[in-house]
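Presented below is the structure to which this report refers.
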């Protein structure tokens, strides 16, 4: 498709999702009808290139994420916005199945200048943990939308500095909150429907997604202290399920003591109440498991944030060696965050003995590469 300046830029992020093929097939006619371009920001390191070759009308961007990132979603979003030739960007997920009039309906309020930031309903194709997302009236504000069905004016992204790259999952909610603070609330377009299957039949994929969402929520909580009360009001299950996980060992121990066995009964009763509360969902047990995994992730990420996250490259020891200094400067010029590690104690021998424990703790805190110049400084 050769267009001087497209009316709209559709941006899709991809890593290893062959379902992207169907999304592009459904988008082709919509893009042609609206004279829109389609951009795929692909981080698969070439594994999904065959999809781009099968869709030559798509602008394919090979994106190389930072090596220390397990997820580069906000980086890819920013890359897509920067690459867009239009003033309007519409996002959908790889594997999303847009309704036939999705693109036209979603972007019409932006093209007319009525709104600057919009989203549309996301309906699940099969029964699962998720129902309909953005299930509110047309023209109503959506507080924490998902970019699986989302469109914005590029000027909004420029105003607020794009998507927050310190986040993994949750950068769409963060973007929306900052956009609202800048005077651009996200408005629902009821007629712009996107369908997703959410991999409902693949529990391992759903569990990974739940873990990442929990981690993203904890990072959001850390970045937005002004929203703590509201976040807990909107997603109380984060606190409830975390409390259930935290008290599980106590409930287990209390089983072996007649005087405290009532605690175990109370804990099991609480599980029953949670199942009862979700009885109207398609899979109540799956919902409870999903929330429990998300809560465990919240607890782990909260621990990391409390202890303190470390850069992806750690250099030991904290030496004045010119070799270490030059290596550190070279990495920083490449945009790689680096830190040094002096050891937890003043004793060189004790620091060496504590080495395995400190390496495990460093990994937990985000270190991906440990450069050991020597076991201790001379």
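Values in this text are rule-based calculations from the coordinates and carry no lab data. Since this is a predicted model, take the numbers as computed values, not measurements. Neighbour counts are summed over all protein chains in view; Cβ atoms, including those assigned to glycine, are modelled from backbone coordinates with ideal geometry.
Please work out how much length the chain gains when fully extended from residue 283 to residue 68, using 0.36 nm per residue of separation minus the C-alpha to C-alpha distance, in nm with one decimal.
On the way: separation 215, 0.36 × 215 = 77.40 nm, distance 3.56 nm.
Net length gain for the segment: 73.8 nm.
So if we plug the beta-carbon distance of residue 159 and residue 33 into 1/(1 + (r/R0)^6) with R0 = 35 Å, what FRET efficiency do we get, rounded to 0.05?
So the FRET efficiency works out to roughly 0.70.
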Discussion item. Could you list 132, 247 so that the one with the fewest beta carbons within 10 Å of its beta carbon is first and the one with the most is last?
Written reply: 132, 247
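What is the Rg over Rh value, at two decimals, for region 253-378, using alpha-carbon atoms and the Kirkwood definition of Rh?
Using only Cα positions, Rg/Rh for region 253-378 is 1.24.
Pairwise over distinct Cα atoms, reciprocal of the mean inverse distance: report the Kirkwood radius of region 186-329 in Å, one decimal place.
Result for region 186-329, one decimal place: 18.8 Å.
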Discussion item. Taking the Cα centroid of region 205-230 and of region 62-102, what is the distance between the two, rounded to the nearest whole Å?
Written reply: 20
Fill in: Kirkwood estimate for region 37-100, i.e. one over the average of 1/r between Cα atoms, Å
12.9
Practice prompt. Compare 263, 223, 20 in a GNM of the chain, Cα atoms joined below 10 Å, and give the one with the largest fluctuation.
Written response: 263
Worksheet entry | Burial order of peptide ranges 75-85, 316-326 (average beta-carbon count within 10 Å, highest first) | 75-85, 316-326
Worksheet entry | Least to most buried among 346, 208 (fewest other Cβ within 10 Å first) | 346, 208
Practice prompt. Could you work out how far apart the two model spin labels at residue 347 and residue 273 are, taking each label as a point 7 Å from the Cα in the direction of the beta carbon, and quote it in nm?
Written response: 4.9
Worksheet, complete the sentence: Cα gyration tensor of region 313-372 diagonalised, 5x eigenvalues square-rooted, in angstrom largest first, produces semi-axes 21, 15, 7
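Would you mind putting 25-35, 141-151 in packing order, based on average other-beta-carbon counts within 10 Å, highest first?
141-151, 25-35
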Item to complete: In Å and from the alpha-carbon atoms only, list the Rg and Dmax of the chain.
Response: 23.8, 78
Item to complete: Over the alpha-carbon set of region 9-200, work out the extent along each principal axis and list the three values in angstrom, largest first.
Response: 40, 36, 33
Discussion item. Just to be sure I understand: of the beta bridges DSSP finds with both ends in the chain, what percent are antiparallel, rounded to 5?
Written reply: 30
Discussion item. Give me the percent relative contact order of the chain, please, defined on Cα pairs under 8 angstrom at least 6 residues apart.
Written reply: 13
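Need one number: % antiparallel among DSSP beta bridges in region 9-200, to the nearest 5.
40
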Fill in: Inter-site label distance for residue 16 and residue 354 at 7 Å from Cα along Cβ, in nm
3.7
